Number of protein chains: 2
Amino acid sequence: MSASTVEVFAHSTELADELASAIPADRLVTDRDVIATYLHDEAEWAPYGAPLLVVRPRSAEEVQSVVRACIVRHVPVVTRGAGTGLSGGANAIDGCVIVSFDKMNTIKEINSLERLAVVEPGVVNDDLRAACAEEGLWYPPDPSSAAWSTIGGNVATNAGGLCCVKYGVTRDYVLGVQVVTGTGELVRLGRRTAKGVAGYDLAGLMVGSEGTLGVITEITVKLRPLQEPQRTIVGYFDSTVDAGHAVRAVAEDGLTPSALELIDRQCLVAVDAWKNMGLSADANVLLLGRIDTPGAVGDIEAERMLACYKRAGATWSAQSTNQQEADALFLARRLAYPALERLGPVLTEDICVPKAVVPEMLTRIEEIGLRYDTHIASIAHAGDGNLHPLLITPNDDEDARIRAQAAFAEIIDAAIRYGGTVTGEHGIGLLKMDGLAQELVPPVMDMHRAVKGALDPHGIMNPGKVFRL
Amino acid sequence: MSASTVEVFAHSTELADELASAIPADRLVTDRDVIATYLHDEAEWAPYGAPLLVVRPRSAEEVQSVVRACIVRHVPVVTRGAGTGLSGGANAIDGCVIVSFDKMNTIKEINSLERLAVVEPGVVNDDLRAACAEEGLWYPPDPSSAAWSTIGGNVATNAGGLCCVKYGVTRDYVLGVQVVTGTGELVRLGRRTAKGVAGYDLAGLMVGSEGTLGVITEITVKLRPLQEPQRTIVGYFDSTVDAGHAVRAVAEDGLTPSALELIDRQCLVAVDAWKNMGLSADANVLLLGRIDTPGAVGDIEAERMLACYKRAGATWSAQSTNQQEADALFLARRLAYPALERLGPVLTEDICVPKAVVPEMLTRIEEIGLRYDTHIASIAHAGDGNLHPLLITPNDDEDARIRAQAAFAEIIDAAIRYGGTVTGEHGIGLLKMDGLAQELVPPVMDMHRAVKGALDPHGIMNPGKVFRL
C-alpha cells in the first residue's frame, strides 16, 4: 500500500463513518476491487482518478446527505448512471465520492392523462420505453445505448438517438427535475403542467450540464402517443460521400424521416463477427431511412425517399417488406459501437454539422483518416448531420493512438469550420474540453464559469469536467 | 417642470450626448411626448416609471454601445418589442433606457434545407409565419397577439399560443440567440445545427428570462414543414365546467389536437360589439378543437373528438364544413382579449393546471368570481390546461379594482394548490412576482438570484422584474 493509497483509505474511512448514519454499510462501497468497477465510462483514453468511496443511494434524501457531507469536507461529487458515456463525464476524480444510481431505478409514475412519467435517474432507457408502451405511450429519445444507459445519464448529457431527426432530443422531453443543488438543498425545478414560464428555465439548464451544476435525483419527462408503424427504406452506396449526398437530397426534398442512419461495411462486418447476424452487405455504405407518417401520405414519402437515394447514386435501394430484416438492420446499427470496441480501442467522434455540408464533411473525414493512417469506420445519425466517425486503433500501439488522437482533433477543427459543433449528443466530458474552448468564444466560456460559480459555489460538482475554471 | 423632471432631463441629455457617436439623433428619443408611447405594456395596473430616453437601434452593435454606456453609468436597460405583454415585463423603470426593437425587424434568412430562420427581434410573429409559408415552411408558435407581437418579445416571455397543445412553445423552436450580455459583450449562444450539446444551454436560459439576463439582438429559430390542413370541431356547452369535462375527455381519449380553445359567450359578444362578426352563439361556452392529422386517420380522430364533446354534455357539436366560418371562430378567439379591453380595464390571468383538474379549476374560478363580485370572462388554451380568466372591471371603480385584484390573487393560490403554475405563457413581469415567490421554494428563488448575479453582475438588465434581489 503506497503512502497516497493509505491517505485515500484514511479519508474514505472518515467519510464513510460520517455517512454511516444516513446510508447503510452495504451501499457505502469502500472495497477497492468493487470501486474499480465504477472508475470510468466508455470514453477511450480519458483519464480517471481514485475515488474515496462509491455510494449507492436509494433516495433523494440519501443523495442530499452525501452532498452535504461532501460540501463540508470539500470532496468532489461525481454522478454516474450506467457508465455508457463516451466523453469521460462520469470518470472518477482523485478523492471524489462516486454517486451511483444503480439502486435508484424505480419508475414512479406513468400518467396517460397528463402524458408524463416520473422516474428515478437509474431507470434504464429501454425499460422506461417498454413500461410506457404498455400504457399506449412513447418516450422517444433513443440513444444507441438505450438497452443499457439510464435516463439520469441521458439527461446529464442531453442524449440524442435515432429518432431525434423527427422527434428531438432528451432536452425536448424533460419537464422537470428534482436536484440536490451545489448548496445541498433538495429542490424541484420545472413543472408537471403542459406549459409554464414561472422563472428561469433552470430544469433546462440542468439538462446537458454533465453533473457540474447539481445531482439529479428524479426526472419528469413528457410522453407522446405510441409511434405509428414505420416503413424502412434501405439504400446501398459505394461511398460515405454518395450516402451523404442522399442525406442532403432527403433534406432538400423537405422530407421528415423518423430515422436516417448511415452505417458502413466495417461496422456490419464487426457486428457479424460478434453476433453472426449475416448482415455484411454487398455495399460499402448503408442508409437506413424510416418514415412513420401514417397511411397513403407515408407511402408517398417513402417513394420520395427512394427517389432521393437513387438521385444520389444508390447502387441498390428498396423499401423493406420484411419487418424482421428491417429490425435486424437497426439492431446492427445499435450494436455497431460495442462490436467495433471488441477489435481494439475506439475513439468515438460526435460532431454535428449543417445538413448542407454532410457530403463535404464526410469527404474531409476520409481524407483525414488517410493522412493520419488511421482506420475510421462510420456510423451517423445522418439526417441530423450528427456524424460518429469511429477511430479504431490496434491494441497497445502507441503510435497509432497518437495518430488517432491527432485525427480526432482535426475532425473537430473541420466541424467547427463547417459551422458545426464538437458534440451533437455525447457531451464534452473530458475528451472535448479543448474542442469546447475552440467552439465558444472566451466571453461565452466566462458565462459558463459564472453560472457554474453561481450554482456550485463550493466547486464540488464534477469539477474539472466540461471546462476549466 | 418638477425638480425630479429636471433631474431626469439632465441625465437623459448627458446619456444622449454620449450615445450620439454611436446612434443617430433621430433614433435617440428624448421627447417626453414620444417617450410616453413606450412606457408600458398591456398589463393592467402594473406600475411604470420615467425613462431617461428611448433608443431605437438598427444593429446589434448599436445595442452593445447602449448597454456599455448603461453599464458605466449604472443605468437600467429595459427591452421592448411591440409592447403587447400582459405582465408588465417591458414596463419602464425610473431612470432607465428603453431599447425598442421597432427598427430591427429584418428576416435575415429562411433556410429550407436546414429548416431554420434567422431574424431580428423586432420581426412581427405573423410576418415571420407568412414569409416561411412562402418557402413551404412553418414557424408554429402562435400567441393570440401574433398579428402584433414580435419574435423578440415572444422569446423573452417564452410565449405560447394556440398550436402549443400539439407543437410546443417558443422555447421548443429557439436554436440560438445573439445577445448583448450583462457585461456588454456581443455573443452568440446556441447553434444552427440540428443537434448540439456543447456546454450549458445558455440559449435556453435566455428564453423566458424577460430581459433580466441580457438583450437579445438576433434569434435563430427551428422551422417545420407547412402544417397539414386542419379540421375544426366545434362544440357548444352550457357551462365552462362542462367544456372543461370535454377537455379532460379529449386528453383521456389519447387525442392530440392541433388546437383546443375555450371561449365563452361574453368574449363572443364583445367581439361582435366591436367587429360585428355575427358570432354570438346560442351557447354559453364554445370549444374549438382542431385536428391536423392527414387522411382517414385524421377523420377518425375528428369523430373521436366529437364523441368526447358529446359525452361531456355538449348541447350541440359538429365538424365545421365551412372553412370561412371556422376561421372566423378562431379569429374571434384571437380578438377576444382586445375586444374585452374596450369595455374597461381587464386583468388577465394565465394559470396552467394539470389537464385532470381543468373542470375543478374552472369551477373554482366561477366561485371566486361570484364571491368577489367580479365579472370574469373566460378564454383558454384549454387542451394545455392553460386558462385565461379575464377579470373585467368598470372604468374608474376603485372598489371593483380592489376586488378584482383580490380575486386574481386567489385564482393564483388555487392554481398552485391544484399542482399548476402561476403563468403558463405570459411571464412573471411585475404582476406575478408574488405568485412566483409562492410557487417556488426559497432555495429555488436563491438559485434565480445567483444566476441573475452571475450573468448581470452590474444589475442593469430589467432590474426589479420577475423577482426581488
Those residues of region B:378-426 which are touching a strand residue (DSSP E or B) at 6+ places or on another chain (Cβ under 6 Å) and either farther than 29 Å from residue B:251 by Cα or hydroxyl-bearing (Ser, Thr, Tyr) (or both) amount to B:378, B:392, B:404, B:421
Has region B:147-164 got any residue that is within 13 Å of chain A (Cβ to nearest Cβ), more than 27 Å from residue B:388 (Cβ to Cβ) and not β-branched (Val, Ile, Thr)?
no
Could you tell me whether any residue of region B:280-287 is within 14 Å of chain A (Cβ to nearest Cβ), farther than 22 Å from residue B:160 by Cβ and either β-branched (Val, Ile, Thr) or in contact (Cβ under 8 Å) with a residue 24 or more places away in the chain (or both)?
no
Every listed condition ((1) under 22 Å from residue A:463 (Cα atoms); (2) out of contact with any helix residue (DSSP H, G or I) (no Cβ under 6 Å at 6 or more places or on another chain)) holds for residue A:52 save (2)
Touching a Cys at 6+ places or on another chain (Cβ under 8 Å) and touching a residue at least 24 places away in the same chain (Cβ under 8 Å): which single residue out of B:52, B:39 fits that description?
B:52
Applying the selection to region A:266-280, what residues are surrounded by 18 or more Cβ atoms within 10 Å (Cβ to Cβ) and either out of contact with any Ser or Thr (no Cβ under 7 Å at 6 or more places or on another chain) or among the small types (Gly, Ala, Ser) (or both)?
A:266, A:267, A:270, A:271, A:279
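Yes or no, residue by residue, for (1) among the hydroxyl-bearing types (Ser, Thr, Tyr); (2) in contact with a Lys or Arg (Cβ under 9 Å, 6 or more places away or on another chain):
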residue: B:81; (1), (2): no, no
residue: B:95; (1), (2): no, no
residue: B:109; (1), (2): no, no
residue: B:114; (1), (2): no, yes
residue: B:121; (1), (2): no, no
residue: B:171; (1), (2): no, no
residue: B:181; (1), (2): yes, no
Quick check: is even one residue across region B:165-178 of a type in the set (Gly, Ala, Ser), under 23 Å from residue B:41 (Cβ atoms), touching a residue at least 12 places away in the same chain (Cβ under 8 Å) and within 9 Å of chain A (Cβ to nearest Cβ)?
no
Given the condition in contact with a Cys (Cβ under 6 Å, 6 or more places away or on another chain) and not polar (S, T, N, Q), answer yes or no: does some residue in region A:61-77 qualify?
yes
Residues that are surrounded by 15 or more Cβ atoms within 10 Å (Cβ to Cβ) and in a strand (DSSP E or B), drawn from region A:103-138
A:107, A:110, A:111, A:116, A:117, A:118, A:119, A:124, A:137, A:138
Is there any pair with a first residue in region A:207-225 that is within 12 Å of chain B (Cβ to nearest Cβ) and at positive phi and a second that is modelled with pLDDT under 95 and assigned to a loop (DSSP other than H, G, I, E, B) whose Cβ atoms are under 6 Å apart and which are 6 or more apart or on different chains, and what are they?
none
Would you be able to tell me the number of residues in region B:179-203 that are under 18 Å from residue A:164 (Cα atoms) and facing chain A (nearest Cβ under 7 Å)?
9
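Within region B:337-391, how many residues are of a type in the set (Asp, Glu), more than 14 Å from chain A (Cβ to nearest Cβ) and assigned to a helix (DSSP H, G or I)? Explain how you work it out, then say what you get.
So the first thing to find is which residues in region B:337-391 are of a type in the set (Asp, Glu), and the list is B:341, B:349-350, B:360, B:366-367, B:373, B:384.
Filter once more, keeping what is more than 14 Å from chain A (Cβ to nearest Cβ): B:341, B:366-367, B:373.
Then keep just the ones that are assigned to a helix (DSSP H, G or I); that gives B:341, B:366-367.
Number of matching residues: 3.
Just to be sure, is residue A:189 in a loop (DSSP other than H, G, I, E, B), surrounded by 20 or more Cβ atoms within 10 Å (Cβ to Cβ) and of a type in the set (A, V, I, L, M, F, W, C)? Walk me through how you get there before you give the answer.
Working: in a loop (DSSP other than H, G, I, E, B): no; surrounded by 20 or more Cβ atoms within 10 Å (Cβ to Cβ): yes; of a type in the set (A, V, I, L, M, F, W, C): yes.
Against the criterion (in a loop (DSSP other than H, G, I, E, B), surrounded by 20 or more Cβ atoms within 10 Å (Cβ to Cβ) and of a type in the set (A, V, I, L, M, F, W, C)), residue A:189 does not qualify.
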For region A:347-377, what are the residues that are touching a strand residue (DSSP E or B) at 6+ places or on another chain (Cβ under 7 Å), hydrophobic (A, V, I, L, M, F, W, C) and more than 18 Å from residue A:422 (Cβ to Cβ)?
A:377
Pair list, Cβ < 7 Å and 6+ apart or interchain, from region B:430-459 residues that are facing chain A (nearest Cβ under 7 Å) and surrounded by fewer than 17 Cβ atoms within 10 Å (Cβ to Cβ) to residues that are modelled with pLDDT of 95 or more and in a loop (DSSP other than H, G, I, E, B)
B:443/A:185
Selected residue (criterion: surrounded by the fewest Cβ atoms within 10 Å (Cβ to Cβ)) from residues of region B:397-429 that are over 24 Å from residue B:211 (Cα atoms), within 12 Å of chain A (Cβ to nearest Cβ) and in contact (Cβ under 8 Å) with a residue 60 or more places away in the chain:
B:419
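Is it the case, given these coordinates, that residue B:272 is in contact with a Lys or Arg (Cβ under 8 Å, 6 or more places away or on another chain) and among the acidic types (Asp, Glu)? Steps first, please.
Details: in contact with a Lys or Arg (Cβ under 8 Å, 6 or more places away or on another chain): no; among the acidic types (Asp, Glu): yes.
No: the conditions fail for residue B:272.
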I need the full set of residues from region A:251-267 which are among the acidic types (Asp, Glu) and in contact with a strand residue (DSSP E or B) (Cβ under 6 Å, 6 or more places away or on another chain), in order please.
A:261, A:264
Kindly provide the set of residues from region A:55-76 that are out of contact with any helix residue (DSSP H, G or I) (no Cβ under 7 Å at 6 or more places or on another chain) and among the aliphatic types (A, V, I, L, M), ordered by number.
A:60, A:63, A:67, A:71, A:72
Any residue that is closer than 23 Å to residue B:278 by Cβ, surrounded by 15 or more Cβ atoms within 10 Å (Cβ to Cβ) and small (Gly, Ala, Ser) - is there at least one of those in region B:338-352?
yes
Positions within region B:114-133 being more than 21 Å from the chain's Cα centre (by Cα) and either more than 14 Å from chain A (Cβ to nearest Cβ) or at pLDDT below 95 (or both), in sequence order
B:131
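Does region A:460-469 hold any residues that are at the interface with chain B (Cβ under 10 Å from one of its Cβ atoms) and in contact with a Lys or Arg (Cβ under 8 Å, 6 or more places away or on another chain), and which are they?
Our first condition is that a residue be at the interface with chain B (Cβ under 10 Å from one of its Cβ atoms); within region A:460-469, this holds for A:466-467.
Result: A:467, single match.
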Which numbered condition residue A:394 misses (of (1) more than 11 Å from chain B (Cβ to nearest Cβ); (2) at pLDDT 95 or above)
(2)
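Of all the helices (runs of 4 or more DSSP H) wholly in region B:1-102, which have at least 1 residues that are among the polar types (S, T, N, Q)? Can you show your working first?
Numbers: elements: B:3-19, B:32-35, B:60-73.
Filter on region B:1-102 gives B:3-19, B:60-73.
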Does residue A:240 satisfy the criteria of being away from every other protein chain (no Cβ under 11 Å) and surrounded by 24 or more Cβ atoms within 10 Å (Cβ to Cβ)?
yes
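Which ones in region A:301-328 are part of a helix (DSSP H, G or I) and in contact with a Ser or Thr (Cβ under 7 Å, 6 or more places away or on another chain)?
Start the filter on region A:301-328 by keeping residues that are part of a helix (DSSP H, G or I), which leaves A:301-311, A:323-328.
Residues satisfying the conditions are A:301, A:306, A:309, A:310, A:326.
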Would a scan of region B:276-286 turn up a residue that is charged (D, E, K, R), within 27 Å of the chain's Cα centre (by Cα) and over 29 Å from residue A:116 (Cβ atoms)?
no
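The values are calculated or read from the model by the stated rules, or taken from the named source; none is laboratory data. All of these numbers come straight from a predicted model, not from anything done at the bench. Cβ coordinates were reconstructed from backbone atoms using ideal geometry, including for glycine residues, and neighbour counts include every protein chain displayed.
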